1. Excluding B:ARG190 itself, what net charge comes from residues whose Cβ is under 9 Å from its Cβ, given Lys and Arg +1 and Asp and Glu -1?
2. Assuming a ≥ b ≥ c are the square roots of the Cα gyration tensor eigenvalues, decide whether region A:374-461 counts as rounded (a/c under 1.5), prolate (otherwise, with a/b larger than b/c) or oblate.
3. Relative contact order of chain A, please, whole-number percent, based on alpha carbon pairs below 8 angstrom and at least 6 residues apart.
4. Counting only protein chains, not ligands or nucleic acids, how are A:HIS120, A:HIS282, B:HIS118 ordered by accessible area (probe 1.4 Å), most first?
5. Taking beta carbons within 10 Å but only from partner chains, what does the mean come to for residues A:101-109?
6. Ordered shortest first, which distances in nm separate the 7 Å Cα→C-beta label point of B:LYS419 from those of the other copies?
7. When each copy gets a label point 7 Å from Cα toward the beta-carbon at A:ASP214, what are the spacings between them in nm, shortest first?
8. On a 1.4 Å probe surface of the protein chains, which of A:LYS286, B:LYS97 comes out largest in accessible area, and what is the full order?
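The values are calculated or read from the model by the stated rules, or taken from the named source; none is laboratory data. Only a predicted model underlies this, so the values are computations on that prediction, with no experimental measurement involved. Quick reminder, even Gly has a Cβ in these numbers, built from the backbone with ideal geometry, and neighbours come from all protein chains shown. The protein model used for the area step is the full one, side chains on, heavy atoms only, and it has no ligands, DNA or RNA in it. Shrake-Rupley method; radii C 1.70, N 1.55, O 1.52, S 1.80 Å.
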Number of protein chains: 2
Amino acid sequence: MKPSIPQGTRDFSPAEVRKRQYILGILKEIFEEYGFLPLETPAMENLTTLTGKYGEEGDRLIFKILNNGLHDKKEEAKSKLNEEWAKMLEKPYNTPKVTERALRYDLTIPFARFVVMHQHELAFPFRRYQMQPVWRADRPQKGRYREFWQCDADVVGSASLINEAELLCIYRSAFHKMKLPGVVVKVNSRKLLAGLAEICNAPDKMMDITIALDKLDKIGWEGVTKELQQRNIEQSGIDTIEKIISVTGSNEEKLRVLEQLMGTSNSALAGITELRDTLKYHDALKSNEWKSELQVDISLARGLNYYTGVIVEVVSNAVKMGSIGGGGRYDNLTGLFGLKNMSGVGVSFGIDRIYDVLDELKLFPENLDITTQVLLVNFGKEDELYSLKVMQQLRTEGISAEIYPDNIKFDKQMKYANKRSIPYVIIIGEQERAEQKVSLKNFVTGEQQVLSIVDAIDILKGT
Amino acid sequence: MKPSIPQGTRDFSPAEVRKRQYILGILKEIFEEYGFLPLETPAMENLTTLTGKYGEEGDRLIFKILNNGLHDKKEEAKSKLNEEWAKMLEKPYNTPKVTERALRYDLTIPFARFVVMHQHELAFPFRRYQMQPVWRADRPQKGRYREFWQCDADVVGSASLINEAELLCIYRSAFHKMKLPGVVVKVNSRKLLAGLAEICNAPDKMMDITIALDKLDKIGWEGVTKELQQRNIEQSGIDTIEKIISVTGSNEEKLRVLEQLMGTSNSALAGITELRDTLKYHDALKSNEWKSELQVDISLARGLNYYTGVIVEVVSNAVKMGSIGGGGRYDNLTGLFGLKNMSGVGVSFGIDRIYDVLDELKLFPENLDITTQVLLVNFGKEDELYSLKVMQQLRTEGISAEIYPDNIKFDKQMKYANKRSIPYVIIIGEQERAEQKVSLKNFVTGEQQVLSIVDAIDILKGT
């Protein structure tokens, strides 16, 4: 039997774990600098917590866990089980006798569920970050997995636009630390999009317009025009939309023109005000070191329909790749679980895509895969014990060290060091042992010198 | 609808995440110091990878994932599905039309599966550590969960006892760093247990004797005697066992007596030799700082039956609690997946129990829940922007800071700081802003002073 893993899942080799930990480590540091707290929720949620939250397509893609102990049931229970099984074959949910648990589908719904369950213990505004895998039964393809990591930061319990500004800064700070070039953080407001629908004389068609606009990058303005026509937007409306999405200039210039073009819509004016305030807070908070751009982009729509205020999306122009992050304000997320009036705003980092971008641009630090600094060569019984003592001294000094555990041919031990990218090798023969010294070989330069242990430690610590 | 989570699963609040991260962080640091590499495997494995590996009871406790898209099947496929469903109700496995994936049950089998799949890329000996959750459909009870973390370190591809010695040192070093008192690391060898069966005239009853001995802590010698009698061990054999498990003294003294008592068994002598060599390597490697004890304990049996050589278990006498770690040598783990002659040895840390012990003994660092160093009070529009600029300066200096995002009553903001255990508060009113200063209040002592931003940063960095 040739072992394999399920389609759409991945093993993470040591080198891959390190690269991902590099990304997660940067994010964690920034989140904590900004006062966000870590949260972890179980991989399994009650199926009832998840169903109905992600649309019909989402419900189908949720991985459901078979109840345990089905085979232990009594006969009469089995007929009920068979009934539910038949139902399950017709429609993929609400069959608690067959399945009542499911794998986490995203981090947002478990977060909302947690906030509602712990509302009386939490200090609000509650700012949490969460970095965990999620599972979706999507058809696997390049860059799309059935198990993948999400990384979210949300603030719940405050309507202040300072939160939006902070999240924009988190994006910019994070990608600055990753040295990712060409980053553009796009912001828009759902209120502006609602206003757009109003002035197009189609106030009930915000979602239609939004969905069409969302495709601008992919299908161009011509394609969007067709979609808008299909969705029965009047030609005058389409002309207005074209004028509005063509506005250029600085963010403030854009907002000024939008104010003129959309001044008849109260919703649009509210959106413009919230973008202005967000930018004002952002400008006070930002660091001048950050090279990314912050761009008001009225064509930004975002797929999810629970956003109600500012929305945001991040791309890098340095690579051909979709967005590497996105988020926005949602006014009523916890309402799904019965807790009203809890405004929230959050952002998400697309860990897998960020990984691919950094990899493609060779932006991971070079020595990420070097952890063991030195390999002690094993020459067998007589020198082994002395080598172990030397190794203990190295480790006490914080130097990561290993001894080749078996006394095999020198060449083979060197091959191991090479394959593992271990930069130094310590060779201890009879003479070194007699003099209480070591031979330290730099595996990269080939240079080798006989040193006291203290001197060897100095060199190894300097690397 | 009142939200809840599945029985036996847990949310980890920020304080709990930090405590667990403290434990995992110590382990990670030590593993890397010892040259172990991180590995992560998917939560879902093919069901065929897992079934038959954990005994019949284990097979029942594996969480199985329902295949997706069952409701989309054609009619003829559905009759096959109904057949398999009926089979499933009789016996809980081998129904690939209904379920072909399952949740990881431990970290050892996925590790073996990974090694076999990647045998041609890996540098052997391959030393990996893995810290991930596993899932078991056990009946939940105090300290037993359906989702819990495991943390394993294994070396595969080397038969050297240096590996055993290193793993013993990893245990001692880890619990030293956690400052856990009363730690005893017990070692034994499966070969000694086999020898014990031989000299009891019951060479085929090693497992019976092992299972009985494993209960010594719980049921005492009297109980063990009964069990041995039930398992048809002769009285002379039982007397020998009593004599052998009563041996006291230093490890070397114990081994010397065992050598005399068990000298007729080659297996026992081999076990004694491997324990002696392991101890010799351990003594060369160990640090004198470690306060834990390393004890040869012939009554140590370990439940799992794939061990073949040295076995180890860790307890703390400071609390009433089972073992907090265990492991051993297995000669043929990857053989399950077709790769022969791959000896391995590994240890596991019981993260949940270690967590509970550290919590009970109040051994977690006190300031683990302090991450935000300072809260900037929000007095509204005029001072807000200045506060944001000050906050950016603090963060640039690596000080974790947050502003209360809304301009609510001062008292309420203080209540928030208190609930969040934030040690400092910065108050910026009109006067501070005019003088480009801040008022820094120590939330613990109540002391408050007006300072330049630079001076405030100095104080905050000193904390």
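1. Charge balance near B:ARG190 sits at +3.
2. Details: a/c = 1.34, a/b = 1.06, b/c = 1.27.
Taking the square roots of the gyration eigenvalues as a ≥ b ≥ c, region A:374-461 is rounded.
3. Relative contact order of chain A: 15 percent.
4. Result, largest first: A:HIS120, B:HIS118, A:HIS282.
5. Average per residue, whole number: 2.
6. For B:LYS419, the inter-copy label distances come out at 5.6 nm.
7. When each copy's label point is compared with this one, the spacings are 5.4 nm.
8. On the way: A:LYS286 65, B:LYS97 100 Å².
So, going from the largest accessible area down, we get B:LYS97, A:LYS286.
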